[in-house]
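Structure first, commentary second.
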Amino acid sequence: MVVVSDDVHEYAVALKDTDEKIARCPKQREDILEELVKSQKVFTEKLNHLSRRLAWINATIYSKDKMLDIYWLLRVCIRSIEHMDRTGSLFAFTPEFYLNVAMNSYSALKNYFSPSNSMDELPGYEETLTQLAALLAKHFADPRIVGTDIKDSLMQALASYVCYHQSLQAVERIPEEQRVAMMKNLLAPYEQRPWAQTNWILVRLWRGCGFGYRYTRLPHLLKIKPEDANLPSLQKPCPSFLLQKHMADLLSRDKEMAASFLNSVLNQLNWAFSEFIGMIQEIQQAAERPERNFVDTRQLKVCATCFDLSVSLLRVLEMTVTLVPEIFLDWTRPSAELLLRRLAQLLNQVLNRVTAERNLFDRVVNLRLPGLESVDHYPILVAVTGILVRILVDCEMQGPLLTSQFSAYLCLLLTSQPSSYLSLRLPVFLLTFSPLLTSQSFSYLCPLASQSSAYLSVLLLPLSPLLTSQSSSYLCLLTSQSSAYLCLLTSQSSSYLCLLTSQSSSYLSVLLLPLSPPLTSVALRDRAST
C-alpha cells in the first residue's frame, strides 16, 4: 500500500507540473503543446488507475473490520505476555512469537491503515497504548530474554515508540517505578551491551532541548526530499521532561553509576569519531587517485553511520552536562576532574579535525558524495558548542575558580596542537567567552600567548579591563620570534609602558590607538618621546 500511495503522489505532482507547462506554453509552438497534451493524457490515465487500485486496497484489505481484528490480536498478545510475566523465571520459556506479534500488530495499526480509520476511535486505545509501553519498558532489558533477535526487536520498538508524541505520552503514563527502572537500564555502561539503539533513545528524549537541536531535518538537507516522511527519525522533536528528571535524579544520587556511564559514553565517542576520521582519510585518498575509481557504497554508509553516532554521543553528553552539571563541576566527587579533563580532550579532538579550513573533513564534505549527505559541519559543531556553553555558564554559577580551571584545561590542550591551529582557534574561544573570564582565569591564559605573538595582540584588546597589577606581570613574555615587546596593561593604572624595538613602530599605532582615552598626559609625553 505504501508503494501505491507513493506512486499516486508522484503522478499527481507530475500531472500538476504538466498542467502548469501547458498554461505557459506559447500558442505558436504547437509541436511542444501537442507533446505536453499527450503527457497530460498519460499521467491522467495512470493516476486514475492507481487511485482506483488504492481505493480497492483500502476497502478490501485495510478495512475497518480488519483493523478491529488486528487490534483484538494486539490486546490478546499483551494480556498473554502480562500473564506469563507473573510466572517469574518460567517467562524465559515463553515463545517469541507473542512479543513479535504484539510489536507487528501495533506497527500495522500505525502505518498501514488509511487516515479514515483512525486508531483513536478504537475502544480502549489509550489504555492499550499504555500497556504496550509498560511491556516494552520492562522487557527491553529483561535478563530472562536471551534471544539476540528478539532483544534487538524490543529495543528498536522502544526507540520507535519514543519518537511519536502520542506513544511517548503513553510511556510517561506508566507507573513511576517502571519509568525509573527503564531509565536505569538505559544508563547502564555501554560496554556491556549493544549501545547504539540505547543512545538513540536518550537522544530522542533530549531532542528539542539542546543547543540548535530543534530541527526535524538537518538544515542543509531541507531541499532534498526524504524517501519516507513517516520514518521515526523524521518526526518532530518531542522531548520528555519527566524522563529527563528521572535521569538527572539517578545520576545525581548514584555517583558510581554516573561515572561508569559517562566513561562509557566518552570511550564510545572516542572510538566512533576515530573510526570516522580513518574512513574519510581512505575516501579522500580514493577520490584523489588519477585513475577512475568508485568508492564502495557500503564504506560510505559505515562512514556516515560513525558520524551520526559521534553526533548522537555528543548530544548525550550535552544532555548530561545540562541536567547534572555537578558530575563535572563538583570537586567533591572523585571522578569530576578526570571526567572534565577527558571531556576537554575529546572536544579539542573534534574541533581540531572539523573546524580547520581546507582540512580533510572540509574536503570530504565538499565532495558531496552520495551516502554522505548527513556529514556536515553544522550538526557536530552545534553539539560541541552546546557542551561548551553549558559548562561555562554552570562554571560561572559555581564560582570563578571553576571557570578558570576549565578554561585552562581547554587552552592547555589547544597549545599542544601546531601554532597555526592555536592562533586560529584559541582567540576565537577567548574572545567569545571573555565576559566569563576573571583576572584569576586570565592569569592562566596569558603564558599561553608566548607561542603566538600575533595572537596576543588580538587577545589583549577585549580583555584589558580584566587585568590587574598581579596578572599583568604575566604579559612580559618575549619570544625569539617576536619583533616587538608588548605593552604592560593594568586596570589600576592609566600609564602604559611602550617598549618597542626599531622594527615595531607600526605595531604601536595598532595597539595603543584603541586605548588612547585612558592615557594620562604623562603617558602621552612618554609615548611621544619614545
* To do: Being more than 21 Å from R253 (Cβ to Cβ), aromatic (F, W, Y) and at pLDDT 90 or above narrows it down to one of F307, F294, so name that one.
  => F307
* Structure fact -> Selection from the range 305-339 of residues over 26 Å from L243 (Cβ atoms) and either touching a Gly at 6+ places or on another chain (Cβ under 7 Å) or part of a helix (DSSP H, G or I) (or both) yields C306, F307, E337, L338
* Is there a residue in the range 25-41 that is under 46 Å from the mean Cα position of the chain (by Cα) and aliphatic (A, V, I, L, M)? -> no
* To do: Please verify whether the range 241-255 includes one or more residues that are of a type in the set (G, A, S) and within 30 Å of R353 (Cα to Cα).
  => no
* Asked: In the range 348-372, which residues are surrounded by 14 or more Cβ atoms within 10 Å (Cβ to Cβ), of a type outside the set (A, V, I, L, M) and within 21 Å of D296 (Cβ to Cβ)?
  -> F361, R363, G371
* Sort out which residues of the range 158-181 are hydrophobic (A, V, I, L, M, F, W, C) and farther than 20 Å from P237 by Cβ, and write them in order of number. => I174, V180, A181
* **Residue pairs meeting the criteria (Cβ under 7 Å; at least 6 apart or on separate chains; first in the same structural domain as F276 (by the TED database), in the range 362-391; second charged (D, E, K, R) and open to solvent by less than 50 Å² (accessible area, probe 1.4 Å))** => V365/D376; A383/R315; A383/E318; G386/E318; I387/E318; R390/E318
* Structure fact -> Reported set for the range 224-243 where residues are small (G, A, S) and open to solvent by less than 20 Å² (accessible area, probe 1.4 Å) is S240
* What pairs can you find where one residue is in the range 327-340 and charged (D, E, K, R), the other is assigned to a loop (DSSP other than H, G, I, E, B) and surrounded by fewer than 19 Cβ atoms within 10 Å (Cβ to Cβ), and their Cβ atoms are less than 9 Å apart, with a gap of 6+ or different chains? -> E337/W331
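For (1) of a type in the set (A, V, I, L, M, F, W, C); (2) more than 24 Å from the chain's Cα centre (by Cα); (3) at positive phi, each residue gets a yes or a no:
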position	(1), (2), (3)
L109	yes, yes, no
E126	no, yes, no
A134	yes, yes, no
A188	yes, no, no
N199	no, no, no
* Asked: Hey, any hits in the range 244-266 for a residue that's surrounded by 14 or more Cβ atoms within 10 Å (Cβ to Cβ) and over 26 Å from A344 (Cα atoms)?
  -> yes
* Structure fact -> When restricted to V203, V265, V180, the only residue among the β-branched types (V, I, T) and in contact with a Ser or Thr (Cβ under 6 Å, 6 or more places away or on another chain) is V203
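The values are calculated or read from the model by the stated rules, or taken from the named source; none is laboratory data. Values in this document were obtained by computation on a predicted structure and should not be read as measured data. Every residue, glycine among them, receives a Cβ derived from its backbone with ideal geometry; neighbour counts consider all protein chains shown. Accessible surface areas use protein heavy atoms only, side chains included; no ligands, DNA or RNA. Shrake-Rupley method; radii C 1.70, N 1.55, O 1.52, S 1.80 Å.
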